[in-house]
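Structure record follows, encoded as structure tokens.
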Amino acid sequence: MDAIRIRGGRPLRGTIQISGAKNAALPILCATLLSDGASRIRNIPQLRDIVTTAQLLRVLGRQVSIDMPEITVAEGGDVKPEAPYDLVKQMRASVLVLGPLVARYGRARVSLPGGCAIGTRPIDQHLKGLEAMGCSIRLEQGYVIAEGPNGGGRLRGAEICFDIQTVTGTENLMMAAALAKGRTTLINCAREPEIEELGRVLNKMGASIDGAGTDVIHIQGPERGELAPFDHAIIPDRIEAGTYMVAAAAVEGSEVRISGGELADLETLVVKLRATGVEVEALDRDVVVRRTRPLKPVDITTATHPGFPTDMQAQFMVLMSTAGGKSVITETIFENRFMHVPELQRMGASIAIRGNTAVLQGVQTLFGASVMATDLRASASLVIAGLVATGETEVRRVYHIDRGYEAIEQKLAIVGADITRIKGAEA
């Protein structure tokens, strides 16, 4: 397995280009199952999760041509609407083929999902919504088996209220409803920008989506039950942008221009960064982050969008680990999302965990150590910790980071970090 080695303490200066959003690209790739013809998706990030999704689409009978940063998905041979465990276990987003498959082909057999081990993330809201649209659902040997009305007929529009906000649940039912007969209303939807992006694509395909990005979405399926292929460029990745903003904030003397960062999608992060004393400036479509003084402690509580993103919690914790005083971080989304804490403690961070709350007492500095990545965002936080730390840090099991960050070591090296990937390092 690869590792990333960092010699810390060097200010970051220069420009980092943000890649396309993984969390927008994955559902949009799955949406290609809703139509025939060739769909072209541009500004695709080169990530493990993208490769896994391409493999899954091929297994389902699609022709997938990859010429990064573009992917073309076209109709292939016989369709086999089954997503096997070997692929789905690699990432939870694979469950996003469930809605498109049952909407298009009347049936689907999809393995229960895997992905990062950051807590219980059930798909009961997905299944409840599909049942409301006329599906029969059963669970069998680790698979969800879904069948449209009357033995595989077209789904019917319905009014569906989510018990909790769920990003993939909202996306799955949006795609299913895009081919359903009649009007579907989704209530208590997740409001992430990536959901709004999926709505744009489904509208390009011929569905009528109103309200994507709000808590109520109305979807009118096409009268003839057909959707068209599309051509679309993916929005920049707001979590990647936020991660590099925190990296710049973490090392005193840094000034980094984040090219492609959208402040509108990161307002809560920007407010918290400014509260620490870090300068954040919007410049055209870019963001400039400057760290010129010691950090002030700030409390955060994660929340669904537009609240503070759970996907930025681990990175912000590193920032607070060297702030001058006490800060409190409360995680409300995932119950196991403090697995990076023991690794940060190995580097000298003073963190006490009390249930879903981490209490930090800022230390003068962190110290380099050999640490282990446990999930995608935890691995990014450990890289940031290595940038801050005195001495050498080696982050192991970085296959996690390759799921969500394109060439992270190259992008950080461009702005002055002393960072290297070690191929085939010991696990």
Worksheet item: Hey, does the stretch 162-177 have a residue that's of a type in the set (D, E, K, R) and in a strand (DSSP E or B)?
Response: no
Practice prompt. Would you kindly identify the strands (runs of 3 or more DSSP E) lying entirely within the stretch 1-79 that contain at least 3 residues that are over 24 Å from residue 103 (Cα atoms) and touching a strand residue (DSSP E or B) at 6+ places or on another chain (Cβ under 8 Å)?
Written response: 3-7, 13-17
Worksheet entry | Qualifying positions in the stretch 167-200 - more than 22 Å from residue 148 (Cβ to Cβ), under 14 Å from the mean Cα position of the chain (by Cα) and of a type outside the set (Asp, Glu) | 167, 190, 191, 193, 195
Discussion item. Given the criteria at pLDDT 95 or above and either touching a strand residue (DSSP E or B) at 6+ places or on another chain (Cβ under 9 Å) or assigned to a strand (DSSP E or B) (or both), does residue 99 qualify?
Written reply: yes
Worksheet item: Does at least one position in the stretch 80-89 carry a residue that is farther than 23 Å from residue 406 by Cα and touching a helix residue (DSSP H, G or I) at 6+ places or on another chain (Cβ under 6 Å)?
Response: yes
Item to complete: Within the stretch 1-52, track down each residue that is within 27 Å of residue 397 (Cα to Cα) and of a type in the set (Gly, Ala, Ser).
Response: 3, 8, 9, 19, 20, 21, 24, 25
Worksheet item: In the stretch 85-110, which residue that is touching a Phe, Trp or Tyr at 6+ places or on another chain (Cβ under 9 Å) and surrounded by fewer than 20 Cβ atoms within 10 Å (Cβ to Cβ) is nearest to residue 34 (Cα to Cα)?
Response: 109
Worksheet entry | Residue list for the stretch 229-263, filter: more than 21 Å from the chain's Cα centre (by Cα) and on the phi > 0 side of the Ramachandran plot | 253
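For (1) over 21 Å from residue 21 (Cβ atoms); (2) among the small types (Gly, Ala, Ser), each residue gets a yes or a no:
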site	(1), (2)
68	no, no
89	yes, no
92	no, no
99	no, yes
Fill in: Yes/no for residue 287 being in contact with a strand residue (DSSP E or B) (Cβ under 9 Å, 6 or more places away or on another chain), over 29 Å from residue 200 (Cβ atoms) and surrounded by 17 or more Cβ atoms within 10 Å (Cβ to Cβ)
no
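From the residues in the stretch 141-174 that are at positive phi and in contact with a strand residue (DSSP E or B) (Cβ under 8 Å, 6 or more places away or on another chain), which one is surrounded by the most Cβ atoms within 10 Å (Cβ to Cβ)?
Here is the first cut: in the stretch 141-174, the ones at positive phi are 141-142, 150-152.
Okay, now just the ones that are also in contact with a strand residue (DSSP E or B) (Cβ under 8 Å, 6 or more places away or on another chain), so 142, 152.
Working: 142: 10, 152: 13.
Going through the qualifying residues, I end up with 152.
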Worksheet item: Where in the stretch 191-261 are the strands (runs of 3 or more DSSP E), entirely inside, with at least 1 residues that are of a type in the set (Phe, Trp, Tyr) and surrounded by fewer than 23 Cβ atoms within 10 Å (Cβ to Cβ)?
Response: none
Discussion item. Among the residues that make up the stretch 207-225, is at least one of them among the small types (Gly, Ala, Ser) and within 20 Å of residue 410 (Cβ to Cβ)?
Written reply: no
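Can you find a residue that is assigned by TED's automatic domain parsing to the domain that holds residue 252 and over 16 Å from residue 247 (Cβ atoms) anywhere in the stretch 377-385?
Just the residues of the stretch 377-385 that are assigned by TED's automatic domain parsing to the domain that holds residue 252, to begin with: 377-385.
Pick out the ones that are also over 16 Å from residue 247 (Cβ atoms) and you get none.
No, that holds for no residue.
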Response to the item:
When (1) over 27 Å from the mean Cα position of the chain (by Cα); (2) buried (at least 16 other Cβ atoms within 10 Å of the Cβ); (3) of a type in the set (D, E, K, R) are applied to residue 138, the one that fails is (2)
Discussion item. Tell me whether the stretch 287-300 contains one or more residues that are at pLDDT below 95 and touching a Ser or Thr at 6+ places or on another chain (Cβ under 8 Å).
Written reply: no
Practice prompt. May I ask you to say which residue of 212, 178 is assigned by TED's automatic domain parsing to the domain that holds residue 101 and more than 18 Å from residue 133 (Cα to Cα)?
Written response: 212
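The values are calculated or read from the model by the stated rules, or taken from the named source; none is laboratory data. Just so we're clear, the structure is a prediction, and the values are computed from it rather than from any experiment. Cβ sites come from the backbone with ideal geometry, for glycine too, and all protein chains shown count toward neighbours.
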